[in-house]
Amino acid sequence: QVQVVESGGGLVQPGGSLRLSCVASGFIFSRNLMTWYRQVPGKEREMVALIGSPGSTKYHNSVKGRFTISRDNAKNTVYLQMVNLKPEDTGVYYCRGQGVSWPTERWDDSWGQGTQVTVSS
């Protein structure tokens, strides 16, 4: 059974740092595309960063140079390191896993429940 669980959100002052974690179980994780999204009330969910199976990455323009996505395939975990946080980074951060599940070997596209990040003084 595929499951995606985020953690690491919280309240931080502008200029501060946070690291989000996302554990994706039930996948052949090393082959997954893992993506972080964020959403604020009244706006559409937007892609923040993604990482492919060979480690290729892509970022939203607003977070380039401040956020870093990485993965540890041995731990089935993807991370989002966020530094120099700004109030506009506030939102609910969701993790999404897309790939082949194990042992069913079927394509799966699953989301976590989200973790709140609040950047405020």
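Nothing in this text is a laboratory measurement; each read-out follows from the coordinates by a stated rule. Note that this is a predicted model, so its numbers are computed, not measured. Methodologically, a virtual Cβ is constructed for each residue, glycine included, from the backbone with ideal geometry; neighbour enumeration extends over all protein chains shown.
On the beta carbon distance between residue 107 and residue 81, with R0 = 41 Å, the FRET formula returns roughly 0.90. For the chain, the square roots a ≥ b ≥ c of the C-alpha gyration tensor eigenvalues yield an a/c of 1.5 or more together with a/b exceeding b/c, which makes the shape prolate. A protection proxy built from the mean count of other Cβ atoms within 10 Å ranks the segments 52-58, 3-9, most packed first, as 3-9, 52-58. Suppose each label sits 7 Å from its Cα in the direction of the beta carbon; what would the residue 73-residue 5 distance come out to in nanometres? Using points 7 Å along Cα→Cβ, the separation is 2.4 nm. Local charge for residue 29 was computed over the other residues whose Cβ lies under 10 Å away, with Lys and Arg +1 and Asp and Glu -1, and equals +2. The Cα center of the stretch 20-63 and the Cα center of the stretch 101-116 differ in position by 12 Å. Using only alpha carbon pairs under 8 Å that are at least six residues apart, calculate the relative contact order of the chain and give it in whole percent. Averaging sequence separation for qualifying contacts and normalising by length gives 37 percent for the chain. As a calculated quantity, the FRET efficiency between residue 62 and residue 30 at R0 = 22 Å, using C-beta atoms, amounts to about 0.15.
For residue 64, which aspartates and glutamates qualify as cross-link partners when the Cα separation must be under 18 Å and same-chain residues fewer than eight apart are set aside? Excluding near neighbours in sequence, the set is 46, 88, 89. In a shell of Cβ-Cβ distance under 13 Å around residue 81, excluding residue 81 itself, what net charge do Lys and Arg (+1) and Asp and Glu (-1) give? Here the charged neighbours net out to +1.
Overall, the stretch 1-59 carries a charge dipole of about 80 debye about its Cα centre when +1 sits on the Cβ of Lys and Arg and -1 on the Cβ of Asp and Glu, all other atoms neutral. Over all other residues within a Cβ to Cβ distance under 15 Å of residue 93, the charged ones net out to +2, with Lys and Arg as +1 and Asp and Glu as -1.
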